[in-house]
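Participant: First the structure, then my questions, so here it is.
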Amino acid sequence: QVQLVESGGGLVQAGGSLRLSCAASGSIFTINVMGWYRQAPGKQRELVAVIGNDGYTSYADSVKGRFAISRDNAKNTVFLTMNSLKPEDTAVYYCNAKGVSSYWGQGTQVTVSS
């Protein structure tokens, strides 16, 4: 089992920045990829960014150039730095870890006001 705890969400004005953190614990040696997803009201959950154990990263087109995913292996933590936030970035952001199984955090709310 892998446990994921997100933090760092909140309310920010358009153009502002936030950094989300996801701390992983448990059987983290089974994990190959970690990522961030988001779900806005009335919409399906969508991929935001992923990072592999080899450092490979991938982003949704909607966040390229504005968001950056990174990891601190010593602390088993993945970060999502979000800049130039837009109202359409408003959603609940979920951390995900994939390996033998897929694990989800509880989610953290990000609200961007116009």
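The values are calculated or read from the model by the stated rules, or taken from the named source; none is laboratory data. Values in this document were obtained by computation on a predicted structure and should not be read as measured data. Backbone-built Cβ (ideal geometry, glycine too); neighbour counts: all protein chains shown. Only protein heavy atoms, including side chains, enter the accessible area calculation; ligands, DNA and RNA are left aside. Shrake-Rupley method; radii C 1.70, N 1.55, O 1.52, S 1.80 Å.
Participant: Per residue, how much accessible surface does the chain expose to a 1.4 Å probe? Answer in Å², no decimals.
Facilitator: 52 Å²
Participant: Plugging the Kirkwood radius over Cα pairs into Stokes-Einstein for the range 1-112, at a temperature of 4 °C and a viscosity of 1.567 mPa s, what D comes out in µm²/s?
Facilitator: For these conditions, the coefficient is 93 µm²/s.
Participant: I would also like to ask the following. Of all chymotrypsin sites (Phe, Trp or Tyr not before Pro) in the range 29-63, which ones are in loop regions per DSSP and have a Cβ with at most 13 other Cβ atoms within 10 Å?
Facilitator: Filter output for the range 29-63: 56.
Participant: Compute the length gained on full extension between residue 7 and residue 104: take 0.36 nm times their separation in residues and subtract their Cα-Cα distance, giving the result in nm to one decimal.
Facilitator: Fully extending the segment from residue 7 to residue 104 adds 33.6 nm.
Participant: Can you give the longest run of the chain that contains no trypsin sites (Lys or Arg not before Pro) sitting in a DSSP loop with at most 12 other Cβ atoms inside 10 Å?
Facilitator: That would be 65-114.
Participant: Near residue 107, within a Cβ-to-Cβ distance under 13 Å, what is the net charge of the other residues, with Lys and Arg +1 and Asp and Glu -1?
Facilitator: Surrounding charge for residue 107 is +1.
Participant: Now a separate question. Taking the Cα centre of the chain as origin, work out the dipole magnitude from +1 charges on Lys and Arg Cβ and -1 charges on Asp and Glu Cβ, in debye rounded to 20.
Facilitator: About 40 debye.
Participant: What percent do you get for the relative contact order of the chain when only Cα pairs under 8 Å and 6+ apart count?
Facilitator: 37 percent
Participant: Counting Lys and Arg as +1 and Asp and Glu as -1, what is the net charge of the other residues whose Cβ lies under 9 Å from the Cβ of residue 78?
Facilitator: With Lys, Arg at +1 and Asp, Glu at -1, the net is 0.
Participant: Oh, and also: Considering only C-alpha atoms, what is the centroid distance from the range 67-89 to the range 41-57, in Å?
Facilitator: 11 Å
Participant: I would also like to ask the following. Based on the alpha-carbon gyration tensor of the range 53-111, what equivalent-ellipsoid semi-axes (square roots of 5 times the eigenvalues) come out, in whole Å, largest first?
Facilitator: 21, 15, 11
Participant: In the chain, carbon and sulfur make up what percent of the accessible area (probe 1.4 Å)?
Facilitator: Answer for the chain: carbon and sulfur cover 50 percent of the accessible area.
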